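The values are calculated or read from the model by the stated rules, or taken from the named source; none is laboratory data. Worth saying up front: this structure is predicted, and the values here are computed from it rather than measured. All Cβ positions, glycine included, derive from the backbone under ideal geometry; neighbour counts span all protein chains shown.
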Amino acid sequence: TASLSGEPSPTRSNICVNSKKKQMCFDWGPGEMLVCETSFNKKEKPEMVPNCPFIYIIRKDVDVYSQILRKLFNESHGIFVGLQRIEEELTGKSRKAQLVRVSKNYRSVIRACMEEMHQVAIAAKDPASGRQFSSQVSILSAMELIWNLCEILFIEVAPAGPLLLHLLDWVRLHVCEVDSLSADVLGSENPSKHENFWNLVTVLVLQGRLDEARQMLSKEADTSPTSAGMCRILGDLMRTMPILSPGNTQTLTELELKWQHWHEECERHLQDGTFAASPHLESLCKIMLGDEAALLEQKELLSNWYHFLVTRLLYSHPTVKPIDLHIYAQSSLDLFLGGESSPEPLDNILMAAFEFDIHQVIKECSIALSNWWFVAHLTDLLDHCKLLQSHNLYFGSNMREFLLLEYASGLFAHHSLWQLGVDYFDYCPKLGRVSLELHIERIPLNTEQKALKVLRICEQRQMTEQVRSICKILAMKAVRNNRLGSALSWSIRAKDAAFATLVSDRFLRDYCERGCFSDLDLIDNLGPAMMLSDRLTFLGKYREFHRLYGEKRFVDAASLLLSLMTSQIAPRSFWMTLLTDALPLLEQKQVIFSAEQTYELMRCLEDLTSGRPEHGEPDAQQLQDDDIETTKVEMLRLALARNLAGAIIREGSLEGS
Amino acid sequence: MEEIYAKFVSQKISKTRWRPVPPGSLQTAETFVTGSWDNEENYVSLWSMGDFGNLDSDGGFEGDPQLLCDIRHHGDVMDLQFFDQERIVAASSTGCVTIFLHHPNNQTLSVNQQWTTAHYHTGPGSPSYSSAPCTGIVCNNPEIVTVGEDGRINLFRADHKEAVRTIDNADSSTLHAVTFLRTPEILTVNSIGQLKIWDFRQQGNEPSQILSLTGDRVPLHCVDRHPNQQHVVATGGQDGMLSIWDVRQGTMPVSLLKAHEAEMWEVHFHPSNPDHLFTCSEDGSLWHWDASTDVPEKSSLFHQGGRTSTFLSHSISNQANVHQSLISSWLTDPAKDRIEITSLLPNRTLSVNSLDVLGPCLVCGTDAEAIYVTRQLFS
């Protein structure tokens, strides 16, 4: 007598325990939810009995219920399945290229989701839901940021040189205020007089977008002739900065040498006070020299420590090795926060990545993020990069499988997303199969079409037990609904002989009551399925007898009828009906049953009548029934005797002739 | 090259149908309706491919369907048909049949008419009836024929509150789909592999003809009639086989074509180009069968459509068409002894539950919560 309030949203709800009753228990319900007893009544239904406890359902994975995140789950499912099918033999460069492409596909899905969520947040009517969507946007954005860094460090495995180029792209992608700033400034009448002009130039330099910065400087040079010379010199420094271009064949040492030379030139200009007249230009020059103090002055424009890190590397250690990254990362974090604030979860995750500690990244992400989607997919991808081989968990499966199982279980808890979960279970070699078996049986089957989909999943995986149980459920349902034909079909599909017998009996009973068969379209077309159970065989054969009789093929009908009894296929309880069916055949003008067949029929009748148990005190109804029975038996005996006589004469005359 | 656009819609799509273009009109189809299933709340939604002013001629967002309006639907949407330009008939897993009316002025959908207990069971255990899913509908203004898991056939008229004709226990097993043969004759397929022809002029509960697959009684899930040759009928089965029948002769299919690896959910002859046929399946594939071409080389080998691992999320251009041919045909005409099959979706997804073709336009919906649309079918 407990009431269920199954709202999908509450992760935490007030649980009020009646302390007098000293009852407090909870349990994990089916599919990722905690069920607990409470006397706290949220809906305040007056008709409820006051003493009746309530059960609260607390769901774990709320993100599954977001309409927009559903797109993420569905779209990434396709990528996931594609990734599992990547040929194992594929090695070296082509394999890596494939994996990078998969990673980029995942990220593009995250970005698409983020953009849509952003649109919804803007369009949201009430501020509360607007805030909720905005916070989702920032979570998605953080996910993409982390994923992108992991892609550079773990999947691309970029070496010194290209590593920095990737990191620059990473920062440019994620600190993107510069684009709106640029549009703002360039759209104004006189860009170089715009209040944000120097901010824009600075940001462009901070992000290493030196060509664009140079163009801006030329605008400044055009409008203020006094600084034109300085702008030209700084512009030249920007132009001559040696960078590694993808197509270039120069070695890292060559680059380092050139870079050193360029760096010294910048240093010289600063020492000579070339830009002393313009604090803006001087500060830009200091940034290009990688001056920490000058960089930290731009905290506002850098907006976060990892931008600071990348800019710092660009202008002081352009050929940083992956192994040294974490040293610079740590010091950048410390310098940037300056002891004023402590690192947040995102900072810790990025730091762990810079330290190449994959397990720490995944662990921190699992704690910080509200869903399993991210860690499950990222871990799986990293596992395909053969980065997690050695790590086994103490409870039987490895980390990849553990996270995939968690994610898939969350999907199965959802009313609709369960279909996606199946493929994830498929790719969990240790516990996937049993998990699927447990979950698939809990899918409610409200239509046959849904049942067919579930059956298909089970049949493809040879889950015979589940196939049987689903078919049985459907067969039972059909019997309850008086749909005997359907019930029989389902028990044939399940190869469930016992249930087929039960349904066949129902058919025979209906026949005895009504004197005609229902569902002839099915019974006439049983084919080999008829062999499933003796009773079903009998049903099919008995119907065949009726058809033969209807077609006036009396001889065939007669021998079929007799064989039903002699072969013991017909249940004893049905013999009297069969013998009665023989009556019209016995009364035909020509002899149909041979003498031998007649003897057999007689023996069947005697077997039946002698085997009858004696009743105690018969009531009126039974007396009447017995009366009819006796009449029937007497009629049969008479008919049999007459037929025997006819048969003997006929057979005798045939022999004689 | 065919461009197929994918759009993720956050609901599993059970049915997709193009709105018919007005007779005599030359415009291509623009609006389609979708129905969802297995969600906590299901919807009938109307989408438009039309221009919204801000598009460039190079495509851009040309292929992106925009939601016009939607309306809650009680239960899974089991089937959808356009009754006319404005009205849509929906079949529900609750046994209800609803006519929705589209108001183009304010872009809303409303319930126009409803038969709440069109399909129901009368069980021995239950004193009253319990609902039975309505599995299929077919419309021919003003008539609507519905079939269901209860084996019942209903004939409704849009202006009548009660069914005009009901055949109780028309089938001992589940009826999966229905289509008109020649009015007033209809065709039904059931879960024991039978094709039955019913004539509403005849009284009684017996079909006028039964055709069936031999042996294994493989359930049939869908049926479509050739638009010009009314005796030619295509059905799709649980084993993914495509069967072609000539209902004038014989009780067995004329040809059986090995097709999908799982249930074939829908089969459609192209309405104006019936040498082309389209099928979709639980195995996640969507096929275009072309019996009009002459392929020079002979090949009796038929293998499965490409399993490319690429996944392009928003605009998918299907470059890797899979061309295979097999020696067979859906007509007895000996000239057509070959059919070219093209897989239209770039990679396997979850079940493709429904498809519809009209002119150069095709729309399909999947359990992966995506709808795919192309408007250049034959280019």
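Residue by residue through region A:388-424, note down the ones that are of a type in the set (A, V, I, L, M), at pLDDT below 90, buried (at least 18 other Cβ atoms within 10 Å of the Cβ) and not in a helix (DSSP H, G or I).
The one that is of a type in the set (A, V, I, L, M), at pLDDT below 90, buried (at least 18 other Cβ atoms within 10 Å of the Cβ) and not in a helix (DSSP H, G or I): A:Leu388.
Considering region A:154-186 alone, what residues qualify as being in a helix (DSSP H, G or I) and without any contact (Cβ under 8 Å) to a residue 12 or more places away in the chain?
If the condition is that a residue be in a helix (DSSP H, G or I) and without any contact (Cβ under 8 Å) to a residue 12 or more places away in the chain, then A:Asp169, A:Asp179, A:Ser180, A:Ala183, A:Leu186 are the ones that fit.
Evaluate region A:454-474: report whether one residue or more is within 14 Å of another protein chain (Cβ to nearest Cβ) and small (Gly, Ala, Ser).
no
Going residue by residue through region A:487-505, is there one that turns out to be farther than 16 Å from B:Arg217 by Cβ, within 11 Å of chain B (Cβ to nearest Cβ) and not charged (D, E, K, R)?
No: zero hits.
Could you run through region B:217-235 and say how many residues are within 13 Å of chain A (Cβ to nearest Cβ) and in a strand (DSSP E or B)?
Going through region B:217-235 one residue at a time, the tally reaches 3.
Hey, does region B:257-265 have a residue that's of a type in the set (A, V, I, L, M) and away from chain A (no Cβ under 14 Å)?
yes
Which of the residues spanning region B:132-168 are of a type in the set (Gly, Ala, Ser) and part of a strand (DSSP E or B)?
Correct list: B:Gly136, B:Gly148.
Only residues in region B:199-224 that are without any contact (Cβ under 8 Å) to a residue 24 or more places away in the chain count as the first member; pair them with residues that are in a loop (DSSP other than H, G, I, E, B) and small (Gly, Ala, Ser), Cβ under 8 angstrom, at least 6 apart or cross-chain, and list the lot.
Going by the 8 Å Cβ cut-off, the qualifying pairs are B:Asp199/B:Ser208; B:Gln202/B:Ser208; B:Asp216/B:Gly193.
Which number in (1) surrounded by fewer than 22 Cβ atoms within 10 Å (Cβ to Cβ); (2) closer than 21 Å to A:Arg509 by Cα; (3) of a type outside the set (Lys, Arg) marks the one condition that A:Ile492 misses?
The one condition A:Ile492 does not meet is (1).
Considering each residue of region B:167-199, count those that are surrounded by 16 or more Cβ atoms within 10 Å (Cβ to Cβ), of a type in the set (Ser, Thr, Tyr) and more than 20 Å from A:Arg493 (Cβ to Cβ), and give that number.
Residues that pass the stated criteria total 2.
For A:Arg456, state whether it is over 30 Å from B:Asp168 (Cβ atoms) and either touching a strand residue (DSSP E or B) at 6+ places or on another chain (Cβ under 6 Å) or free of Cβ contacts under 8 Å to residues at least 40 places away in the same chain (or both).
yes
Out of A:Asp524, A:Asp581, A:Asp556, report the one residue that is within 20 Å of A:Ala475 (Cα to Cα) and surrounded by fewer than 20 Cβ atoms within 10 Å (Cβ to Cβ).
A:Asp524
Only one of these is loosely packed, with under 13 Cβ neighbours inside 10 Å, within 14 Å of another protein chain (Cβ to nearest Cβ) and modelled with pLDDT under 95: A:Ala128, A:Ala123, A:Ala183. Name it.
Going through A:Ala128, A:Ala123, A:Ala183 in turn, the sole match is A:Ala123.
Please find, within region A:66-106, the residue that is farthest from B:Pro346 (Cα to Cα) out of those that are among the small types (Gly, Ala, Ser) and more than 10 Å from chain B (Cβ to nearest Cβ).
Among those that are among the small types (Gly, Ala, Ser) and more than 10 Å from chain B (Cβ to nearest Cβ), it is A:Gly92.
What's the total number of residues in region B:82-103 that are within 14 Å of another protein chain (Cβ to nearest Cβ) and under 15 Å from B:Asn154 (Cβ atoms)?
Of the residues in that region, 5 qualify.
Among the residues of region B:153-200, what is the count of those that are over 18 Å from B:Cys134 (Cβ atoms) and under 23 Å from the mean Cα position of the chain (by Cα)?
11
Pairs under 7 Å by beta carbon, first residue facing another protein chain (nearest Cβ under 7 Å) in region B:168-182, partner outside any loop (DSSP other than H, G, I, E, B) and among the aliphatic types (A, V, I, L, M), six or more apart or different chains?
Pairs that qualify, where the first residue is facing another protein chain (nearest Cβ under 7 Å) and the partner is outside any loop (DSSP other than H, G, I, E, B) and among the aliphatic types (A, V, I, L, M), are B:Ser172/A:Leu522; B:Ser173/A:Leu522.
Give A:Glu144, A:Glu115 a once-over and let me know the one that is surrounded by 19 or more Cβ atoms within 10 Å (Cβ to Cβ) and of a type in the set (D, E, K, R).
The match here is A:Glu144.
Would you kindly identify the helices (runs of 4 or more DSSP H) lying entirely within region A:520-587 that contain at least 1 residues that are under 52 Å from the mean Cα position of the chain (by Cα) and within 14 Å of chain B (Cβ to nearest Cβ)?
A:520-523, A:534-550
So, in region B:140-166, of the ones that are within 14 Å of another protein chain (Cβ to nearest Cβ) and charged (D, E, K, R), which residue ends up surrounded by the fewest Cβ atoms within 10 Å (Cβ to Cβ)?
Top of the filtered list is B:Arg152.
Of all residues being in contact with a Ser or Thr (Cβ under 7 Å, 6 or more places away or on another chain) and of a type in the set (Gly, Ala, Ser) in region B:178-219, which is farthest from B:Gln238 (Cα to Cα)? Just the residue, please.
B:Ser212
Name every residue in region B:339-366 that is assigned to a loop (DSSP other than H, G, I, E, B), within 14 Å of chain A (Cβ to nearest Cβ) and closer than 21 Å to B:Gln81 by Cβ, in order of residue number.
Once the filter is applied, which keeps residues that are assigned to a loop (DSSP other than H, G, I, E, B), within 14 Å of chain A (Cβ to nearest Cβ) and closer than 21 Å to B:Gln81 by Cβ, region B:339-366 yields only B:Ser351.
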